[in-house]
Amino acid sequence: MINPFEKLIKPEKHAEKIEIRKIVAAPKLHKPGVDKYKEQILAGKTIKPIVVLKHPHEELYAVLDGHHRFYAFLELGAQTIDAVVMKSSKFLFNSTKDGWLQPTTAMTKYIRVPTIVFAKYINSFIRNPKHLKLPREHLEKFKSKMSSLKSKKILKLKKN
């Protein structure tokens, strides 16, 4: 028997093709995330398998991880998707299907996405501190926010 954590650590090694029509997923989505995956799929990039919980008595699966990937494939009309299948109780299956274990769209938009972007910048900085380049729109937003804070006298900067 395969350790369930092994499946999560190396999903591509344990993925199998599942018919999309047999998969259910809560529709809490950050639409730009779905669009990003659609672009990657159309560009032929390798997409990490989703993780699904199998219903204990039916040939039905609920998305535990990979909602954006799932909906991207669904919107593109795919018939199957690579998925890591995990055993489940009926309670856990239904909780997953109904979205109780999925973050809200606000959490994705305001916490998960910025955290991922921040982590990429930090990793880039650690690899090569002298060559970190922030996208122009990030710099402009930062300058604007700093100006706003200074004008409200929330932030006091001393000039040397």
Original post:
What number goes with the only condition from (1) free of Cβ contacts under 8 Å to residues at least 12 places away in the same chain; (2) basic (Lys, Arg); (3) surrounded by 14 or more Cβ atoms within 10 Å (Cβ to Cβ) that LYS48 does not pass?
Top reply: (1)
Original post:
Out of segment 54-71, which residues are touching a residue at least 24 places away in the same chain (Cβ under 8 Å), more than 20 Å from HIS14 (Cα to Cα) and over 12 Å from the mean Cα position of the chain (by Cα)?
Top reply: HIS57
Original post:
So which pairs qualify, if the first residue must be in segment 5-26 and farther than 19 Å from ALA78 by Cβ and in the same structural domain as HIS67 (by TED's automatic domain parsing), the second must be loosely packed, with under 11 Cβ neighbours inside 10 Å and at pLDDT below 95, the Cβ gap must be under 7 Å, and the two must be at least 6 apart or on different chains?
Top reply: HIS14/ILE2
**OP:** For residues that are under 13 Å from LYS54 (Cβ atoms), out of contact with any His (no Cβ under 7 Å at 6 or more places or on another chain) and surrounded by 14 or more Cβ atoms within 10 Å (Cβ to Cβ), tally how many sit in segment 1-28.
**Re:** 4
Subject >> Checking HIS68 against (1) surrounded by fewer than 17 Cβ atoms within 10 Å (Cβ to Cβ); (2) touching a Gly at 6+ places or on another chain (Cβ under 6 Å); (3) not hydroxyl-bearing (Ser, Thr, Tyr), the condition it does not meet >> reply: (1)
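The values are calculated or read from the model by the stated rules, or taken from the named source; none is laboratory data. Since this is a predicted model, take the numbers as computed values, not measurements. So basically every Cβ, Gly included, is an ideal-geometry build from the backbone, and we count neighbours across all protein chains shown.
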